[in-house]
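Please read the structure below before turning to the comments.
The values are calculated or read from the model by the stated rules, or taken from the named source; none is laboratory data. Everything quoted here is computed from the prediction, not taken from an experiment. Methodologically, a virtual Cβ is constructed for each residue, glycine included, from the backbone with ideal geometry; neighbour enumeration extends over all protein chains shown.
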Amino acid sequence: MSRPGQAGSIGDSQPDPARVANYLLGGTVNYPVDRIAGEELLDLYPGLQLLARQHRAFTVSAVAWTARTQGIRQFLDLGCGLAPAPSVADAARAVNRDSAVVYVDKDPVVLSHVRALEAAGPGLGAVLADVRDVAALLTADGLREVINLGEPACAVFGGTLSCMDVDEARATVRGYAWAMAPGSAVIASCAHFDDATVTERIAAVLPQSGWRNHSRADIESFFSCAGLQVTQGVVTDVRHWPLAGAELAQPAIVVGGVGIRG
């Protein structure tokens, strides 16, 4: 995932957040400089790779769950990054073969990979855009050709909100939620670390990411500010999702949920 509003590195001279995330997830779309940064992050927090995989697993599972239980067939992968398979389209189309998916990212390099690997064929698209500019994105030809906003859709924020401050994140979620039809959904999740020192050091390795350590209350507010009903009643440690299970003390967790527009 690249930072909203800022293009990623085109070359291989500095680590890029989307490519580092790809490395942590076991992907191959990365350079030596990204792998070095990834190893620096793992030195700072050895559980980061597992956390990244839990995060991605939640996103994929939540997409499938939303398609299966809510009957939604349209998905916007907002700040899609370079996550390896399974993709949002893989998850959605495993439930409904005609699901439509539009991938959105600010980084032109990310979009070139997405267009080549994911967004080929009917019902798939890719749009180069800042996800915070909701009005511009929702009127973009590349989106309108694939997504019918008169029907329920699902906005997927697979970690993207961690690259915004709280007010930006709330405004962004609210913008999409209110623009989509009743019955639409928002999937959102963010990693949270108890130790602020660790988060500062992690952010220093990738300063261009703009990463924020959102609290559980922040993450809950991303849904409540838009009037969304979280399906399990509360956001939860994604290891338990879709149940809101008892949580073990952990120095870092991914907190997320699925909110439905009534």
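How about the range 205-231: which of its residues are of a type in the set (A, V, I, L, M), surrounded by 15 or more Cβ atoms within 10 Å (Cβ to Cβ) and not in a loop (DSSP other than H, G, I, E, B)?
Correct list: Val205, Ile219, Val230.
Tell me yes or no: at least one residue of the range 36-55 is at pLDDT 90 or above, over 13 Å from the mean Cα position of the chain (by Cα) and closer than 30 Å to Pro182 by Cα.
Checked against the condition, which is being at pLDDT 90 or above, over 13 Å from the mean Cα position of the chain (by Cα) and closer than 30 Å to Pro182 by Cα, the range 36-55 yields no hits at all.
Give all pairs with beta carbons closer than 7 Å in which a residue from the range 152-163 that is more than 15 Å from Ala83 (Cβ to Cβ) meets a residue that is of a type in the set (Lys, Arg) and in a strand (DSSP E or B); count only pairs at least 6 apart in sequence or on separate chains.
Here the result reads none, with nothing in the range 152-163 linked to a residue that is of a type in the set (Lys, Arg) and in a strand (DSSP E or B).
If a residue has to be free of Cβ contacts under 8 Å to residues at least 40 places away in the same chain and among the hydrophobic types (A, V, I, L, M, F, W, C) to count, how many in the range 25-41 make the cut?
Total meeting the criteria: 2.
Suppose we filter the range 87-125 for residues that are among the basic types (Lys, Arg) and closer than 18 Å to Phe157 by Cα; how many remain?
Residues that pass the stated criteria total 1.
I'd like the residue in the range 250-262 that is assigned to a loop (DSSP other than H, G, I, E, B) and closer than 16 Å to Gln54 by Cβ and, out of all such residues, is modelled with the highest pLDDT.
My answer is Pro251.
Restricting the first residue to the range 232-252 and requiring it to be on the phi > 0 side of the Ramachandran plot and surrounded by fewer than 16 Cβ atoms within 10 Å (Cβ to Cβ), which pairs with a second residue that is modelled with pLDDT under 80 and assigned to a loop (DSSP other than H, G, I, E, B) meet a Cβ separation below 8 Å and a spacing of at least six or different chains?
As it stands, the answer is Gly233/Ala244, since those pairs meet every condition given.
Within the set of pairs 6+ apart or on separate chains, which have a first residue in the range 199-221 that is under 18 Å from Glu168 (Cβ atoms), a second that is basic (Lys, Arg), and C-beta atoms under 8 Å apart?
Close Cβ pairs satisfying both conditions: Gln208/Arg3; Ser209/Arg3; Gly210/Arg3; Ser221/Arg170.
Going by the conditions given, is Leu161 assigned to a helix (DSSP H, G or I), modelled with pLDDT of 95 or more and over 21 Å from Ala100 (Cα atoms)?
yes
Of these, Ala126, Ala155, Ala92, which one is buried (at least 18 other Cβ atoms within 10 Å of the Cβ) and part of a helix (DSSP H, G or I)?
Ala92
From Val234, Val146, Val173, Val186, which residue is closer than 22 Å to Ser61 by Cα, at pLDDT 90 or above and not in a helix (DSSP H, G or I)?
Unique residue meeting the criteria: Val186.
Among residues belonging to the range 44-85 that are out of contact with any strand residue (DSSP E or B) (no Cβ under 8 Å at 6 or more places or on another chain) and not in a helix (DSSP H, G or I), point out the one that is surrounded by the fewest Cβ atoms within 10 Å (Cβ to Cβ).
Only one residue tops the list, namely Pro46.
Check Asp141 against each of (1) surrounded by fewer than 17 Cβ atoms within 10 Å (Cβ to Cβ); (2) modelled with pLDDT of 95 or more; (3) not small (Gly, Ala, Ser) and name the one condition it does not meet.
(2)
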